[in-house]
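Only one structure is covered here, and it is reproduced in the block below.
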Amino acid sequence: MIYGVRNPFHLKNGITSGEWSVEGSGEPVTFEESLADARSQGFLEKEGAAKSHLWQAGVLVAIALLVMVGRLYYLTVVQHEYYAEIAKGNRLRVEYVTAPRGAVHDSAGEVLAGSKPSFELVASPLDLPSDPDELSGTIARVANILQVPPEEIRAALEAGRTPLYESILIKQNLPRDQALVFYEMERDLAGFRVINAALRDYKAGEVFAHLLGYVGKINPQEYEEKKAEGYLFNDSLGKTGLEQSYEAYLRGTYGERQVEVDARGAVKRVFGEKASLPGNDMFLNVDAGLQRVLYDALLRRLTILGKRRAAALAMDPRSGKILAYISFPSYDSNLFAEGIDAKTYADIVADEDLPLFNRPVQGTYHPGSTVKPMVAAAALQEQVISANTLIEDRGQIVIPNPYGGPDSYFYGYGRRALGTMDVRSAIALSSDIFFYVVGGGYEPAGIEEGVGIARLSDYYRKFHLGAPLGIDMPGEEGGLVPDPEWKKEYFAGEPLSERWYLGDTYHVSIGQGDLLATPLQLLSWTATIASGGKIYQPYTVDRIVSADGEVLLQNEPRLLGEVPIEQKHLRVVQEGMRQAVLEGTARSLASISVPAAGKTGTAQFDARDPNRSHAWFTAYAPYDDPQIAIVVLIEDGGEGGVNAVPVVKEAMDWWGKNRNSR
């Protein structure tokens, strides 16, 4: 609302007609004179009336001018000292009225983040006492109310180099009892005052922390970057997660009010106010119920293992919609929204398990055996093998040294011999030997060349490894697809290290070596296989809605591409993943309420200790009509089939009982 000065004069210049009359001398008139008067009387009467109305308008204008001159005299002469004083003392101010951020809802409308009223203590540089002794006394009284050392108040004042008319934040989320004391003592605490603020309120801060991110106070560098967009020095903004990605939509619009303050900064009069506008509401694809089940299941497993680092994601393979998004260890987003103290922040930053690290999109890991369905699909498409090709797994293969040195041995996981198998059973039982042969070739097994690193790296990239998928979250990493060119460049100047060896191809064929992927990428290629080759861009936000119900943004599924693999080959891979659940490394998933397919992964990551490995499991369901894909990673979690599968089992069983649309 815009307030202006109202015109005190409201004039009506309408003219009303009355009866016309002619005043004469009383002498008789002749017929001709009477006839002439009859023709001209109307003209004479109208001319006289016009002169009369012009005179009246002139009088009114004169009166208006006199009133205006009188008002001008009153303001410039009589009230001169008053207005000169408030102008001289900067007593007319524009105060900003905070606006709540838009709420965040899950796919069913449940509020995950809202706003709540709070109090903030701020200082106005214009109104602080200029006398050092008086300022020290004021600071001491403020410190006593807050129960902090006076030095802490001074530090805040010195650190807050604000524009002259903007406030310095002294304390955020002020307790109600302290706020009341400040209200009562406002006139005795020159320059300090309590303002109302809208505080971000996360309903389950730790469960959704890495998905939503958090809101925090703007820092000086951010202020310089954002002030042209209307941000204030004491403003807040989204720092991480969706709060950051959708800041422009979630942020409200400040209101304003023009006030007169006294010499100590206390408000005396309010001249006008423009209401603030709340931010827009955001509706996610995420299912809060599934998120909580997956979070709790993963937390229990971590507690059993004595581990803290993990990630879990769920996606609809038909669209790319993210249904759940979890990273461990977590943190409470409310700590940042409410104004985190220095010690707590230092403890979080110093935590060696990196609670602020967003593992689903920023962590890159060896994916281990989870890549074997992709390698199988590439080998089938390139006719390196058929669905009926048999390879014997004896637990190892030996590559003779052509230069007479020691031979090279490549072992399967646990050095167990799994026997003769086709591609389906090789996926189900996760045979390293089978995929060594298929990926790099092994003449004694009847496959001389295999897929080879050139074609293998190309297929990995066609599954969208090695590049970000473009999720609507900040900081997504792209991982790494190694090949001879990359290695030569990376190890330039090191003749032995820069060469690409057959062993490099073997390792990349089972998700080891230098191959790196994010949990999101692993989820994506699982969904691609489940959907018959379609690669959808993952996205977490469904729509943005204004306060009056207008849809400002509607995200739609975006197809990034399709892998160039025939459907018959993808069906063989799907059958292998189903077999893993029925009689392979993920047998415990066979008993859940919905038929599923999956692939375990146990990825070694420590060259000094080969017994250390990341535990992976990825799955989708229903097997014959995929609607959900889930991936779980437990860092240093041992075998995927032992420790990651139970987490997926609990979440997918819950989904089958509560969300399955069939």
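We did not get these values from a lab; they are worked out from the coordinates using the rules stated. The structure presented is a predicted model; accordingly, all values stated were derived computationally and were not measured. Note that each Cβ is placed from the backbone with ideal geometry, even for glycine, and that neighbours are counted across all protein chains shown.
Before moving on, here are some points about what is shown:
- Coil-residue GluC sites (Glu not before Pro) of region 320-420, DSSP, other Cβ within 10 Å capped at 13: Glu352
- Separation of alpha-carbon centers, region 275-314 and region 372-449, rounded to whole Å: 39
- Mean projected area (nm²) of the alpha-carbon convex hull when the chain is viewed from all directions: 51.1
- Our coupling estimate for region 166-183, obtained by passing each phi through the Karplus curve with A = 6.51, B = -1.76, C = 1.60 and θ = phi - 60°, is 9, 8, 9, 6, 9, 8, 9, 6, 5, x, 4, 5, 5, 4, 5, 4, 5, 4 Hz, Gly and Pro reported as x.
- In Hz, Karplus ³J(HN,Hα) per residue of region 571-577 (6.51, -1.76, 1.60; θ = phi - 60°; x = Gly, Pro): 5, 4, 5, 4, 5, x, 5
- Tensor-based shape of region 481-612 (alpha-carbon gyration tensor, a/c under 1.5 rounded, otherwise prolate or oblate): oblate
- Under 5 Å between amide hydrogens, built in the peptide plane, is the criterion, and for His105 it picks out Leu112, Met282, Phe283, Leu284 among residues at least 5 positions away or on other chains.
- Degrees, to the nearest 10: 132-146 long Cα axis against longest axis of the chain: 60
- Between the alpha-carbon centres of region 597-650 and region 208-267 there is a gap of 41 Å.
- Nearest-ten-degree value, helix 519-530 long axis tilted from longest Cα axis of the chain: 70
- All lysines inside 18 Å of Lys343 as judged from Cα atoms, apart from same-chain residues fewer than 8 positions distant: Lys171, Lys217
- Region 508-620: relative contact order as a whole-number percent, Cα under 8 Å and 6+ apart: 20
- Dipole moment magnitude, nearest 20 debye, region 470-555 about Cα centre, only Lys, Arg, Asp, Glu C-beta charged: 300
- Qualifying trypsin sites (Lys or Arg not before Pro) in region 489-561, DSSP loop, other Cβ atoms within 10 Å at most 13: Arg499, Arg558
- Charge tally in the Cβ shell below 9 Å around Tyr536, where Lys, Arg are +1 and Asp, Glu are -1, Tyr536 excluded: +3
- Folded to 0 to 90 degrees: helix 31-73 orientation relative to the chain principal axis, Cα: 60
- Rounded to whole Hz, the Karplus (6.51, -1.76, 1.60) HN-Hα couplings of region 423-435, x for glycine and proline: 5, 5, 5, 5, 5, 4, 9, 6, 7, 5, 4, 4, 7
- Note on the chain: antiparallel DSSP beta bridges, both residues inside, total approximately 95 percent of the bridges counted.
- Relative contact order for region 325-658, counting Cα pairs under 8 Å that sit 6 or more residues apart, in percent: 17
- The alpha carbon gyration tensor of region 95-280 gives principal lengths a ≥ b ≥ c with a/c of 1.5 or higher and a/b greater than b/c, which makes the shape prolate.
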